[in-house]
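Student: I am attaching a structure below and will ask some questions about it afterwards.
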């Protein structure tokens, strides 16, 4: 495994009118890994994610990408550098076909913009690459279907395809399996695993089965600060993590549930 850091935060702080939502967070994301960011309700995961993708500006601290300080850059600039957030900025249009959606994303990568006025002949030049991307997410057979008609899990796969069209080096996934049934979760989890073979992935995810299956490293947040970090076995066995999720002491075993996994909860910050 390549141990080089692709993204690093140094003393990252975000305050909202005197409330500290992110408190001195120092993240180190290694190139070529799948890194999960988890934590109980109000832990600050969403705020950290928004800081990393420049949807928010930190109050203090630095954000480095490939060793370069990108703290002052905006989200569009870092997307062009290779930091892309899926499900938030991916170009998915419900009443375009699956193929057309990916072609639009490829236009964005080529700096053509959303040039709907361009001739079909020019757009067809992008078909081969678009079909390759659809192959990579298992959607080639759906290429002529309208995006709005796709099952929910397949829509998420399309969103990943449009994101991959931007050729990201670092892919940030925000709740990739949220709201899915078991079958859809399996499809998307396998897709994330496959996509992660060729790039670095950082994800916020509440499904701990997905986290344990996919993640090389897990960072646990509590009250805006890093509580602990390690592989799933390490963090799930940490009594501080169980207490943070459950609000009870380690010896109250009945609160762990039948699986012993950390309970799945929603984040609000």
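Student: Got a sec? Which of 159, 175 is assigned by TED's automatic domain parsing to the domain that holds residue 203 and within 16 Å of the chain's Cα centre (by Cα)?
Tutor: Exactly one of 159, 175 is assigned by TED's automatic domain parsing to the domain that holds residue 203 and within 16 Å of the chain's Cα centre (by Cα), namely 175.
Student: For residue 183, only one of the following conditions fails: (1) in a helix (DSSP H, G or I); (2) in contact with a helix residue (DSSP H, G or I) (Cβ under 9 Å, 6 or more places away or on another chain); (3) not assigned by TED's automatic domain parsing to the domain that holds residue 51. What is its number?
Tutor: If we test residue 183 against (1) in a helix (DSSP H, G or I); (2) in contact with a helix residue (DSSP H, G or I) (Cβ under 9 Å, 6 or more places away or on another chain); (3) not assigned by TED's automatic domain parsing to the domain that holds residue 51, just (3) comes out false.
Student: When only residues in the range 201-210 that are closer than 29 Å to residue 81 by Cβ and surrounded by fewer than 24 Cβ atoms within 10 Å (Cβ to Cβ) count, which is modelled with the lowest pLDDT?
Tutor: Ranking the candidates gives 206 first.
Student: For residue 121, only one of the following conditions fails: (1) in contact with a strand residue (DSSP E or B) (Cβ under 9 Å, 6 or more places away or on another chain); (2) modelled with pLDDT under 90. What is its number?
Tutor: Evaluating residue 121 over (1) in contact with a strand residue (DSSP E or B) (Cβ under 9 Å, 6 or more places away or on another chain); (2) modelled with pLDDT under 90 leaves (1) as the failure.
Student: Then there is this: For the range 126-140, indicate whether the set of residues that are modelled with pLDDT under 90 and surrounded by fewer than 13 Cβ atoms within 10 Å (Cβ to Cβ) is non-empty.
Tutor: Taking every residue of the range 126-140 in turn, at least one turns out to be modelled with pLDDT under 90 and surrounded by fewer than 13 Cβ atoms within 10 Å (Cβ to Cβ).
Student: Related question: If I filter the range 241-269 down to residues being touching a strand residue (DSSP E or B) at 6+ places or on another chain (Cβ under 6 Å) and at pLDDT 55 or above, which single residue comes out as surrounded by the most Cβ atoms within 10 Å (Cβ to Cβ)?
Tutor: Looking at the filtered set, the residue picked out is 241.
Student: Just wondering, is there one or more residues in the range 20-30 that are surrounded by fewer than 17 Cβ atoms within 10 Å (Cβ to Cβ), part of a loop (DSSP other than H, G, I, E, B), in contact (Cβ under 8 Å) with a residue 40 or more places away in the chain and within 20 Å of the chain's Cα centre (by Cα)?
Tutor: Yes: one or more hits.
Student: Give the residue that is farthest from residue 32 (Cα to Cα), with candidates limited to residues of the range 182-192 that are surrounded by 11 or more Cβ atoms within 10 Å (Cβ to Cβ) and free of Cβ contacts under 8 Å to residues at least 24 places away in the same chain.
Tutor: 186
The values are calculated or read from the model by the stated rules, or taken from the named source; none is laboratory data. This is a predicted model, so every value here is computed, not measured. Virtual Cβ from ideal backbone geometry, glycine too; neighbours counted across all protein chains shown.
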